[in-house]
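These notes concern the structure reproduced below.
Please treat every number below as a calculation from the coordinates, not as lab data. Keep in mind that what you see is a predicted model, and the values were worked out from it rather than measured. Because the Cβ atoms are built from the backbone with ideal geometry, glycine has one as well, and the counts that use them run over all protein chains shown.
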Amino acid sequence: MIELIVADRCTNCGACVDVCPTNVIEPARSGPPILARVEDCQTCFMCELYCVADAIYVAPDCDRRVSVDPDEIVAAGRLGQYRRHSGWDEWDGLFPNEQWLMETVFRRAGEAAASDKPQR
Ligand code: SF4
Ligand code: SF4
């Protein structure tokens, strides 16, 4: 689940707010976005992938929140690690980027969820 937005890295671009499929993240009046509904996090890592500032940490545990120390996460090089290892943005030109396939998966899931909603 998403656990951290590192304020001094965040550029307030809003990408994480836009891509989160379950509206976990909300824009703030000023400063970095807010983790408003962490319990709805699907641990999909989309926010991490789209954060070009590498300001977001999503812990791999998808069942429960875990305690994280921001200084340890930064020192361990965990910020941006998923982007690098997945090849998102063809990091350093070393990896092919095939994660774009996920966008189709989430679009179909969103359409399926919308079609299941009762009509008023
Ligand atoms: S995507 Fe990253 S830089 Fe942009 S608002 Fe979210 S945390 Fe900040
Ligand atoms: S991991 Fe996925 S569901 Fe969780 S906050 Fe990030 S984009 Fe939203």
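Counting other Cβ atoms within 10 Å as a rough exposure proxy, the listed residues ILE5, ILE56, ILE73 run ILE73, ILE5, ILE56 from fewest neighbours to most.
Cysteine residues of the chain whose C-beta has no other cysteine C-beta under 4.7 angstrom: CYS10, CYS13, CYS20, CYS41, CYS44, CYS51, CYS62.
Once both axes come from the Cα atoms, what is the angle between helix 101-116 and the longest principal axis of the chain, in degrees from 0 to 90, rounded to 10? Long axis of 101-116 versus the principal axis of the chain: about 30 degrees. Using the reciprocal of the averaged 1/r over all distinct C-alpha pairs, how large is the Kirkwood radius of the chain in Å? Evaluated on the chain, it is 15.3 Å. Among 17-28, 42-53, 60-71, the peptide with the highest mean count of other Cβ atoms within 10 Å heads the list, and the full ranking is 42-53, 17-28, 60-71. Computed about the Cα centre, the dipole magnitude for the chain is approximately 420 debye when only Lys and Arg (+1) and Asp and Glu (-1) carry charge, each at its Cβ.
The residues packed around ARG64, meaning those with a beta-carbon under 13 Å from its beta-carbon, carry a net charge of -3 if Lys and Arg are +1 and Asp and Glu are -1.
Across the chain, the relative contact order, built from alpha-carbon pairs under 8 Å that are at least six residues apart, equals 24 percent.
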